[in-house]
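Colleague: Input: one structure, supplied below.
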Amino acid sequence: MKTINRYLLSAVLMISQGISGFSQEIVPQTVEASCTKTTNIIFPYTIKSVDRGSQDILVQKAVGVENILQLKAAKSHFQQTNLSVVTADGEFHSFLVNYADDPVKLNHAILRVPEHDFNRKPVEGKTINERDIEDNIRLVRQLKSDFAGPKHKKYGVQLTLNGLYIQGDLYYAVLSLENRSTVSYDLDGLRFFVREKKQAKRTAIQEIELSPVCLVGEKGTVQAQHAHTIIAVLPKFTLPEKKEFVLEVQEFGGGRHLRLRTGNRHLIKATLIN
């Protein structure tokens, strides 16, 4: 099994992008809250927990989203208090909250903190978080793979499994959808499932659907003479005897549906990201 050092690759990518170092000291940011106006704090990842230093402030997630926290004063001219937020990337965010009749700033965007601890090793058994997944997706996008995966071509459109990577309990499947026809291809989502390699006649097909942890590029249009990359993050698995893993891409309102079939021989050749 091949191995990719995730941290070395991250270092190279960050240096090439000119990202500077940062202090690990957590300095509280100052925000203002009013009784008549809402202060919004926008985080780069899903909010997992919130702790108020006082009941003099009111907080809630914005309706329909998971990364925007709305802040308001429960009473006027309260004494300074604090607010603590933990996001899905494992980051701890600290704020000092002051009262203001008319806050100078109502919207605060929290920038993502770059990962610079290249010697950090994953903790055995630790659940991978959103930042790790995002970093791994960014890495596999830029890698040149010699993975010889299955292909399926239909009416000028070809689907190829270009790469398969693994870290912990997650696979990262890199799919290429190439449209060599003169008609654009409208993506209508993907399906992933395990089924019997051969089905007996008059027997219902039994399929076990696999739910991806994350999908990138599963929607949109592939213009004529263009290619499109799809990355699927899937829970780790291997296949029982006589079963196969199937990846299916469907065309919206069309008939150029594509399927890739693979077995354990490809799964066990996944390149390790460590």
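The values are calculated or read from the model by the stated rules, or taken from the named source; none is laboratory data. Since the model is a prediction, treat every value here as computed from it, not as a measurement. Counting neighbours? That spans all protein chains shown, and the Cβs are built from the backbone with ideal geometry, glycine included. With ligands, DNA and RNA removed, areas are computed over all heavy atoms of the protein, side chains included. Shrake-Rupley method; radii C 1.70, N 1.55, O 1.52, S 1.80 Å.
Colleague: So, counting K/R as plus one and D/E as minus one, what does the shell of residues with Cβ under 14 Å around Leu175 add up to?
Modeller: My count for the surroundings of Leu175 gives +4.
Colleague: Continuing with the same structure: Once you keep just the Cα pairs under 8 angstrom separated by 6 or more residues, what percentage relative contact order results for the range 176-274?
Modeller: Rounded, it is 33 percent for the range 176-274.
Colleague: Here's something else I'd like to know. Taking the Cα-to-Cβ direction at Thr36 and at Asp188 and moving 7 Å from each Cα, how far apart do the two end points lie in nm?
Modeller: 5.3
Colleague: Please give the peptides 143-151, 224-232 ranked by average Cβ packing (other Cβ atoms within 10 Å per residue), highest first, as a rough proxy for protection. It would help to have the intermediate numbers written out before the result.
Modeller: Numbers: 143-151: 13.7, 224-232: 16.6.
Per-residue mean Cβ counts within 10 Å order the peptides as 224-232, 143-151.
Colleague: Same structure, new question: Quote the accessible area belonging to Val249 in square angstrom, nearest 10, computed with a 1.4 Å probe and with ligands, DNA and RNA left uncounted.
Modeller: Counting only protein heavy atoms, Val249 exposes about 0 Å² to solvent.
Colleague: Relative to the present Cα-Cα distance, how much length would full extension add between Leu272 and Glu207 at 0.36 nm per residue of separation?
Modeller: Net length gain for the segment: 20.6 nm.
Colleague: A further question on this structure: Give the ranking of Thr221, Thr182 by solvent-accessible surface, highest area first, calculated with a 1.4 Å probe. Don't skip to the answer; put the middle values down first.
Modeller: Details: Thr221 65, Thr182 125 Å².
If we order Thr221, Thr182 from most to least accessible, we get Thr182, Thr221.
Colleague: Hey, another quick one. Once amide H atoms are built 1.01 Å from N in the peptide plane, which residues 5 or more positions from Leu106, or in another chain, come under 5 Å H to H?
Modeller: For Leu106, no residues qualify.
Colleague: Let me ask something additional. Give the long-range amide H neighbours of Lys48: residues separated by 5 or more places, or on another chain, with amide H under 5 Å away, using H modelled in the peptide plane at 1.01 Å from N.
Modeller: Counting only residues 5 or more places away or on other chains, the set is Val86, Thr87, Ala88.
Colleague: Determine how large the accessible area of Leu215 is when every protein chain is in place; take a 1.4 Å probe and give Å² rounded to the nearest 10.
Modeller: Rounded to the nearest 10, that gives 50 Å².
Colleague: Once ligands and nucleic acids are excluded and a 1.4 Å probe is used, how much of Val63 is accessible, expressed in Å² to the nearest 10?
Modeller: Approximately 140 Å² for this residue.
Colleague: Sticking with this structure for a sec: Order Val222, Val183 by their accessible area, 1.4 angstrom probe, all chains in place, largest first.
Modeller: Val183, Val222
Colleague: Follow-up question, since we're still on this one. Please express the Cα-Cα pair-distance distribution P(r) of the range 125-272 as a list of whole percents, one per 10 Å bin, running from 0 to the bin with the greatest distance.
Modeller: Histogramming the range 125-272 at 10 Å steps yields 11, 40, 35, 13, 1 percent.
Colleague: For Asp51 paired with Val86, estimate the spin-label separation in nm (one decimal), with each label point 7 Å from Cα along the Cα-to-Cβ line.
Modeller: The modelled label-to-label distance comes out at 0.8 nm.
Colleague: Past 19 Å, Cα to Cα, is the threshold; run Lys37/Lys61; Lys37/Lys75; Lys198/Lys242; Lys154/Lys236; Lys151/Lys236 against it and keep the listed order.
Modeller: Lys154/Lys236; Lys151/Lys236
Colleague: Please report Rg (one decimal) and Dmax (integer) in Å for the Cα set of the range 50-106.
Modeller: 11.9, 34
Colleague: Related question: For Lys153 and Val27, FRET efficiency with R0 = 51 Å and r from the beta-carbon atoms, rounded to 0.05?
Modeller: That gives a FRET efficiency of 0.35.
Colleague: Using the Karplus curve 6.51 cos²θ - 1.76 cosθ + 1.60 with θ = phi - 60°, what ³J(HN,Hα) values do you get for each residue of the range 45-61, in whole Hz, with x for Gly and Pro?
Modeller: 9, 4, 7, 9, 8, 9, 10, 8, x, 8, 7, 6, 10, 10, 9, 7, 6
Colleague: Provide Arg195, Arg265 ordered by accessible surface of protein heavy atoms (probe 1.4 Å), highest first.
Modeller: Arg265, Arg195
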